[in-house]
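Report on one structure; see the data block that follows.
The values are calculated or read from the model by the stated rules, or taken from the named source; none is laboratory data. Small disclaimer: the values here were computed from a predicted structure and weren't measured. No Cβ is skipped: glycine too gets one built from the backbone with ideal geometry, and neighbour counts run over all protein chains shown.
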Amino acid sequence: MTTFAFENRIWEQDETLSREQLSKLQLERLKQTLEQVANVPFYKKVLAENKLSPDSIKSLDDLRRIPFTNKEDLRQHYPLGFMAVPREQISRIHGSSGTTGKPTFVAYTVGDRERWANLCARFLVAGGLRSNHLVHIAFGFGLFTGGFGLHFGVEKVGAGILPAAAGNTPRQIMLLQDLAAEVLICTPSYSLQIAEVARAQGIDPAQLPLKFGHFGGEPWTEDMRLEIERELGIMAFNNYGLSEVIGPGVSGECVARCGMHIQEDHFIVECINPDTLEPVQQGEQGELVFTSLTKEAMPVLRYRTRDIATLDYSPCPCGRTGVRMSRVVGRTDDMLIIRGVNVFPSQVEEALLRVEGTAPHYLIEVDRPGTLDEVKVHVEIRPQDFSDKMSQMQALRDRIDREIHSVTGIRMKVELVEPQSLERSFGKAQRVIDHRNDK
Ligand code: DLL
């Protein structure tokens, strides 16, 4: 009998289906999903071109006959071209950032929302949440799936919620002290920011009443987990998801904390080599690909996440049978996650293009000097616009700052550099230096 630091409780028996039961259920649901996606013109065409129908899927191996879906496909059908239900049946819309400054919208029916809340409840309970707890949610409540997704998951468990939302850290600390929440939900980096600001106020963050936290939405490391646990005096759990697949609730850690259980009765996962697009050997690193099995409003087939991780099919002492994914160790595209917000270098480029006087030469430098990500954008000025007048340069910098903020939603430090001063490359231009990877 394995003992854990926390009691191991399982929210739904479906989390413990045998591989055989799971495969049977997945096949059944995959067929239903093929029926559902036929309502989406994009998928209708894909199915016809590949001679696919629910009846032609005889085993889970047939999944590989279905082409992949990419973020670009969703983008080309902006805003709601991937909906498989009439607009009247949409109960909620969320979005994730894209390369164009326009979000990728995702939608939910009432049934989708109910299943989503349940999926979040599963990993929250797996990681210690009980109905007697008070949960402080410091995620943004808005288009981002983190705030509302977790909110309804916590509500499902029956625990109390303080929807503190993101920002104004001193106020967050006051709330944590005065209302004494036991559970913190936010991005891992924001939890460290809370600790740092508390220290600066002369408060020992480990003395806050918090007992544990569920963190996700951005990559973090085992070292960061140790730091969060030490600083805040809590146990820290990892959870993963992406808007296009559902949001948070795709996977999460249990008390054994040896990987995040993927909720395989709702999503089929594949791990592929991003170059050959063939499955990797078990345990090898690859890009995760998800097929939704129970979504009504926006089902996705073989959605390429660009997230790199490994899968572990060995039994978990907690009794859940969902395969466990490792931490996300990287991406196969150039997407950056800055303080939990997805940003593509092309968005910065788009912002610069809106500003007269800047050359298309720029370099984005990302670092995490303390607990929060910081971004500096070095922008080359065109020779004819270079000026010795401070006020002119300041005005240009402010303009760029505003445009970048309007396109990406985050503030970056803008540094204007002299014409021809950024290094030129002959092949693919290096647009990003990410010092967070040096640590
Ligand atoms: O970040 C959903 C989410 C919210 C998950 C809150 C967990 C908690 P998006 O904004 O669409 O959705 O961003 C999805 O974020 O493809 C990963 O690259 C990254 N990501 C999410 N969770 C983790 C994690 C939400 N635990 C993208 N570790 C994904 C590493 C993560 N990366």
Please work out if residue 24 is free of Cβ contacts under 8 Å to residues at least 24 places away in the same chain and in a helix (DSSP H, G or I).
yes
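Select from the stretch 224-254 the residues that are in a loop (DSSP other than H, G, I, E, B) and more than 7 Å from the ligand (Cβ to nearest atom) and list them in ascending order. Working first, answer last.
Taking the stretch 224-254 and keeping what is in a loop (DSSP other than H, G, I, E, B), we get 233-234, 243-246, 254.
Residues satisfying the conditions are 233, 234, 245, 246, 254.
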Do we have any residue at all in the stretch 72-92 that's within 16 Å of the ligand (Cβ to nearest atom), outside the structural domain of residue 405 (by TED's automatic domain parsing) and of a type in the set (Gly, Ala, Ser)?
no
Condition met for residue 264 (within 13 Å of the ligand (Cβ to nearest atom), in a loop (DSSP other than H, G, I, E, B), in contact with a helix residue (DSSP H, G or I) (Cβ under 8 Å, 6 or more places away or on another chain) and among the charged types (D, E, K, R)):
no
Which members of the stretch 42-67 meet the condition of being in a loop (DSSP other than H, G, I, E, B) and over 20 Å from residue 294 (Cβ atoms)?
50, 51, 58, 67
Residues located in the stretch 373-392, provided they are modelled with pLDDT under 90 and either among the basic types (Lys, Arg) or not in a strand (DSSP E or B) (or both)
382, 383, 384, 385, 386, 387, 388, 389, 390, 391, 392
Only one of 336, 277 is more than 15 Å from the ligand (Cβ to nearest atom) and of a type in the set (A, V, I, L, M); which?
277
Taking the criterion of being away from the ligand (no atom under 14 Å from the Cβ), under 13 Å from residue 328 (Cβ atoms) and at pLDDT 95 or above, would at least one residue in the stretch 307-314 satisfy it?
yes
Could you list, in sequence order, all residues of the stretch 106-123 that are under 12 Å from residue 9 (Cα atoms) and surrounded by fewer than 24 Cβ atoms within 10 Å (Cβ to Cβ)?
121
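Quick check on residue 61: is it assigned by TED's automatic domain parsing to the domain that holds residue 262 and free of Cβ contacts under 8 Å to residues at least 24 places away in the same chain? So that I can check it myself, show each step before the final result.
Numbers: assigned by TED's automatic domain parsing to the domain that holds residue 262: yes; free of Cβ contacts under 8 Å to residues at least 24 places away in the same chain: yes.
So residue 61 passes the test.
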Would it be correct to say that residue 31 is under 26 Å from residue 287 (Cβ atoms) and in the same structural domain as residue 291 (by TED's automatic domain parsing)?
yes
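Can you go through 144, 123, 139, 152 and tell me which one is among the aromatic types (Phe, Trp, Tyr) and either more than 14 Å from the ligand (Cβ to nearest atom) or free of Cβ contacts under 8 Å to residues at least 40 places away in the same chain (or both)?
152
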Scan the stretch 351-384 for residues that are surrounded by 13 or more Cβ atoms within 10 Å (Cβ to Cβ) and farther than 21 Å from residue 431 by Cβ and report the count.
2
Looking at the stretch 415-439, which of its residues are under 25 Å from residue 340 (Cα atoms) and at pLDDT 90 or above?
415, 432, 433, 434, 435
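Would you point out which residue out of 75, 29 is under 17 Å from residue 268 (Cβ atoms) and either among the charged types (D, E, K, R) or not in a loop (DSSP other than H, G, I, E, B) (or both)? Give the steps one after another, and end with the answer.
Working: 75 fails: under 17 Å from residue 268 (Cβ atoms).
Step by step, each of 75, 29 is checked, and only 29 is under 17 Å from residue 268 (Cβ atoms) and either among the charged types (D, E, K, R) or not in a loop (DSSP other than H, G, I, E, B) (or both).
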Could you grab me the full set of residues in the stretch 315-333 that are within 12 Å of the ligand (Cβ to nearest atom) and β-branched (Val, Ile, Thr)?
328, 329, 332
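Hey, among 141, 148, which residue is out of contact with any Cys (no Cβ under 7 Å at 6 or more places or on another chain) and modelled with pLDDT under 95? Spell out the reasoning first.
Values: 148 fails: modelled with pLDDT under 95.
Unique residue meeting the criteria: 141.
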Hey, can you tell me all the residues within the stretch 350-385 that are closer than 12 Å to residue 415 by Cα and touching a helix residue (DSSP H, G or I) at 6+ places or on another chain (Cβ under 8 Å)?
358, 362, 364, 365, 377, 379, 381
If only one of 38, 48, 5 is over 24 Å from the mean Cα position of the chain (by Cα), more than 16 Å from the ligand (Cβ to nearest atom) and surrounded by 14 or more Cβ atoms within 10 Å (Cβ to Cβ), which one is it?
38
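Consider the stretch 315-336. How many of its residues are out of contact with any Pro (no Cβ under 6 Å at 6 or more places or on another chain), of a type outside the set (A, V, I, L, M) and in a loop (DSSP other than H, G, I, E, B)? Talk me through it step by step, then tell me what you get.
Step one: list which residues in the stretch 315-336 are out of contact with any Pro (no Cβ under 6 Å at 6 or more places or on another chain), which gives 315-327, 329-331, 333, 335-336.
Pick out the ones that are also of a type outside the set (A, V, I, L, M) and you get 315-322, 324, 326-327, 330-331, 333.
Applying the additional criterion that residues be in a loop (DSSP other than H, G, I, E, B) yields 315-322, 326-327, 333.
So the count comes out to 11.
Suppose the filter is at pLDDT 95 or above, on the phi > 0 side of the Ramachandran plot, surrounded by fewer than 22 Cβ atoms within 10 Å (Cβ to Cβ) and not acidic (Asp, Glu); does residue 249 pass it?
Details: at pLDDT 95 or above: yes; on the phi > 0 side of the Ramachandran plot: yes; surrounded by fewer than 22 Cβ atoms within 10 Å (Cβ to Cβ): no; not acidic (Asp, Glu): yes.
No, not satisfied.
Could you say which residue among 358, 294 is polar (S, T, N, Q) and modelled with pLDDT under 95?
Numbers: 294 fails: modelled with pLDDT under 95.
From the options 358, 294, the qualifying one is 358.
Take residues that are buried (at least 20 other Cβ atoms within 10 Å of the Cβ), among the small types (Gly, Ala, Ser) and under 21 Å from the mean Cα position of the chain (by Cα) and tell me which of the helices (runs of 4 or more DSSP H) falling wholly in the stretch 124-208 contain 2 or more. Please lay out each step first, then the result.
Details: elements: 145-157, 169-179, 188-200.
Of the helices (runs of 4 or more DSSP H) lying wholly inside the stretch 124-208, those with at least 2 residues that are buried (at least 20 other Cβ atoms within 10 Å of the Cβ), among the small types (Gly, Ala, Ser) and under 21 Å from the mean Cα position of the chain (by Cα) span 145-157, 188-200.
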